[in-house]
1. Could you give the length gained on full extension between residue 24 and residue 11, defined as 0.36 nm per residue of separation minus the Cα-Cα distance, in nm?
2. Please give the per residue volume of the convex hull enclosing the alpha carbon atoms of the stretch 21-80, rounded to a whole number of Å³.
3. Where in the stretch 83-100 does the amide nitrogen come within less than 16 Å of the point 7 Å from the Cα of residue 134, taken along Cα to Cβ?
Amino acid sequence: MKETRNFQRIDKKNLLLGSVIATIIAISPYLYYLHESVPDTQIWDTFLFTYNSGYFESANNAMYFVFSKAVPLLLIFIWFFTCKHWWYHTLLVPITMYLYQIFSIFNDDNQYIDEFQLIYMIPIMAIVIPSIYLLRAKMFNKINEANKSMEEFEEEFKMSPKNFWDKIKQYF
């Protein structure tokens with residue numbers, strides 16, 4: 001009886017989390033077009049903050065660049081935290097790229113957005129790409145030695161943290 005209640009709590013928690021994720025994915029086109037609600041002025045003054053668009057000369061243009069980077073980043077984060085395949089660490093490369101692009105938007109001295117980010121991604125790629133290759137090589141060596149399917153090997157190599165914070169902690 002106690003196990004049934006515990007299972008129902010976990011099931012309700014998963015249903016709620018899945019519903020939130022599905023809602024975020026469903027409203028992503030609306031999030032992308034939020035920049036249209038920003039005024040086309042150099043200085044955007046709200047009750048929370050004042051934003052000076054600087055290089056962009058229009059707060060609307062600046063927010064267009066922010067949301068065109070932030071929405072795909074949000075979707076890749078969802079993919080990263082919900083992916084159960086062995087290769088999901090490769091998603092760190094586009095995550096790093098989008099984060100760098102967002103930070104470069106807010107750098108007032110930066111005139112060339114989306115350029116030269118490959119140089120800053122090299123350390124991440126130097127860790128992720130060889131790690132994924134070595135993991136893949138190890139899997140294919142085991143496949144040649146045994147009669148397991150690819151799904152069985154993915155299950156064997158999959159890390160299954162208990163909750164969201166455990167998943168975050170495994171990267172740091």
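What follows draws every value from the coordinates through simple rules; no lab data is involved. Keep in mind that this is a model prediction, so the values were computed, not measured. With ideal geometry, Cβ positions are generated from the backbone for all residues, glycine too; neighbour counts draw on all protein chains shown.
1. Gain on stretching residue 24 to residue 11: 2.7 nm.
2. Given the Cα convex hull of the stretch 21-80, per-residue volume reads 92 Å³.
3. It comes to 87, 89-90, nothing else.
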